[in-house]
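Notes follow once the structure below has been shown.
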Amino acid sequence: MVETVQWWDEGGKEEEEDSPAAQIREYDISSSPNDFNVMTIMSFLESGRVKIPAFQRNYVWDIKKASKLIESIIIGLPIPQIFLFERSKNSFLVIDGQQRLMSIYYFMKGRFPLKDKRVQLRQIFDEHGEVPEATLYDKSFFSDFELRFGDDQRDPNPLSGKNYKTLDDLAEQFRLRTIRNVIIKQNLPTNDDSSMYEIFSRLNSGGVNLGSQELRACLYHSSFYRMLYRINASPHWRKLTGQPEADLHMKDIEVILRGFALLFEGKVFKPSMNRFLNNASKKFQEYSDEAVVYLEGLFNSFLAACSDLPDKSFFGNSGVFTISIFDAVFPAVCRKPLEAKLMVEGKVDPSKLTALKSDPEFLAASQSRTAGQGNVRMRLDRAEKILG
């Protein structure tokens, strides 16, 4: 089961610093409402014109919540509108509405994803652009999607136990129900899509705020991000974090991204960390497949270099994996190999890692304002000097 408690520590209170020059930014945004019926939405999803949520984040709803959504559509109750970001003609990214769209998709397919397979299913979507038929009917990935509204099998709801094929006359009613979709397009500035992050970081989807990394992954989906998903599933990485399962809201993906971003541009880092990671994601989006393959190998060679370290070597005094340790050690170990386009050789010296974790300057830069410019650069500098 995916861990639901916080398993990481920033190593101190993280506070964002804003650059005065970036405090006010104006956009030219157009938005158009469209009432698409369920049948049209499903065709968009299956054709790839609308990228379905599993490409970007995990599906987190249980079958009872999904069933209530399907019931609302069937009986004509309104559901929250869906926001789509128009990246190009006939190509849209789902930013708000992932859970609703996936519930419709899975219901019409007649299959409901098992909870412990959802991270893997997102990777399958990345690879194939859909859930292949063989996977849909694989009982190790899915169960039958029969509507369920309570725990008692004697559920009095007349729709209980129904699936898409047994809706009978209600199936046509379901297909023709309309759902409001708001299509948003950024007209200015033309050189980025930052307004989408700003808009959707303020949206509340079904009472659950999307995390920064979930939003970031939606906006900057790329071969680099597919690589992040792969290495995040590595048993060696999972052992390093102390968590056997991937984080449902992608915090572990953000930790790896942060390591790569600081490896490339840590010496010129400027707050805020969110903006830094957004910009890094946009740059990594342009990387060639060859470059991404190299970075995957580099990360795996780093894990191999850490394989002889004692358990919990990246844990701090809080007793959990500490980001401010990892995001200093990873760049320090990988910088020279990166410059030479090589892999990490040898092993990380556990005595040097212990020395870093007890270094007064490193500790001072890890206690508060961990995303402040001076503290980030200090941690990187101390790690490079002590581990190098």
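Filter the range 4-24 down to the residues that are under 26 Å from the mean Cα position of the chain (by Cα) and modelled with pLDDT of 55 or more and list them by number.
Of everything in the range 4-24, those that are under 26 Å from the mean Cα position of the chain (by Cα) and modelled with pLDDT of 55 or more turn out to be Gln6, Trp7, Trp8, Asp9, Glu10, Gly11, Gly12, Lys13, Glu14.
Picking from Arg111, Arg154, which residue would you name as being surrounded by 19 or more Cβ atoms within 10 Å (Cβ to Cβ) and more than 22 Å from the chain's Cα centre (by Cα)?
Details: Arg154 fails: surrounded by 19 or more Cβ atoms within 10 Å (Cβ to Cβ).
None of the other options fit; the residue is Arg111.
Only residues in the range 151-171 that are in the same structural domain as Lys68 (by TED's automatic domain parsing) count as the first member; pair them with residues that are modelled with pLDDT under 95 and surrounded by 15 or more Cβ atoms within 10 Å (Cβ to Cβ), Cβ under 6 angstrom, at least 6 apart or cross-chain, and list the lot.
Cβ pairs passing all conditions: Asp155/Phe149; Asn157/Phe149; Ser160/Phe149.
So which of Leu298, Leu262, Leu277 ends up being over 30 Å from Ser351 (Cα atoms) and either surrounded by 17 or more Cβ atoms within 10 Å (Cβ to Cβ) or not assigned by TED's automatic domain parsing to the domain that holds Leu219 (or both)? Give the steps one after another, and end with the answer.
Numbers: Leu298 fails: over 30 Å from Ser351 (Cα atoms); Leu262 fails: over 30 Å from Ser351 (Cα atoms).
Leu277 is the lone residue from the list that is over 30 Å from Ser351 (Cα atoms) and either surrounded by 17 or more Cβ atoms within 10 Å (Cβ to Cβ) or not assigned by TED's automatic domain parsing to the domain that holds Leu219 (or both).
Out of all the residues in the range 328-340, which are in contact with a Leu (Cβ under 9 Å, 6 or more places away or on another chain) and either surrounded by 14 or more Cβ atoms within 10 Å (Cβ to Cβ) or not in a helix (DSSP H, G or I) (or both)? Don't jump to the end; show me each part of the working.
Step one: filter the range 328-340 for residues in contact with a Leu (Cβ under 9 Å, 6 or more places away or on another chain), giving 328-338.
Answer for the range 328-340, where residues must be in contact with a Leu (Cβ under 9 Å, 6 or more places away or on another chain) and either surrounded by 14 or more Cβ atoms within 10 Å (Cβ to Cβ) or not in a helix (DSSP H, G or I) (or both): Ala328, Val329, Phe330, Pro331, Ala332, Val333, Cys334, Arg335, Pro337, Leu338.
For the range 324-345, does any single residue satisfy the condition of being in the same structural domain as Gly242 (by TED's automatic domain parsing), without any contact (Cβ under 8 Å) to a residue 60 or more places away in the chain, over 25 Å from the mean Cα position of the chain (by Cα) and more than 26 Å from Glu265 (Cβ to Cβ)?
Scanning the range 324-345, I find no residue that is in the same structural domain as Gly242 (by TED's automatic domain parsing), without any contact (Cβ under 8 Å) to a residue 60 or more places away in the chain, over 25 Å from the mean Cα position of the chain (by Cα) and more than 26 Å from Glu265 (Cβ to Cβ), so the answer is no.
I'm trying to understand the selection: among the residues of the range 66-112, which are in contact with a helix residue (DSSP H, G or I) (Cβ under 8 Å, 6 or more places away or on another chain) and of a type in the set (D, E, K, R)?
Asp96, Arg100, Lys109, Arg111
Identify the residue in the range 157-187 that is polar (S, T, N, Q) and assigned to a helix (DSSP H, G or I) and, among all such residues, is surrounded by the fewest Cβ atoms within 10 Å (Cβ to Cβ).
If we filter the range 157-187 for residues that are polar (S, T, N, Q), which is where we start, we get 157, 160, 163, 166, 173, 178, 181, 186-187.
The next check asks that each one be assigned to a helix (DSSP H, G or I); those that pass are 166, 173.
Numbers: Thr166: 13, Gln173: 15.
Among those residues, the one meeting the criterion is Thr166.
The values are calculated or read from the model by the stated rules, or taken from the named source; none is laboratory data. All values derive from a computational prediction rather than experimental measurement. Heads up, the Cβs are rebuilt from the backbone with ideal geometry, glycines too, and the neighbour counts pull from every protein chain shown.
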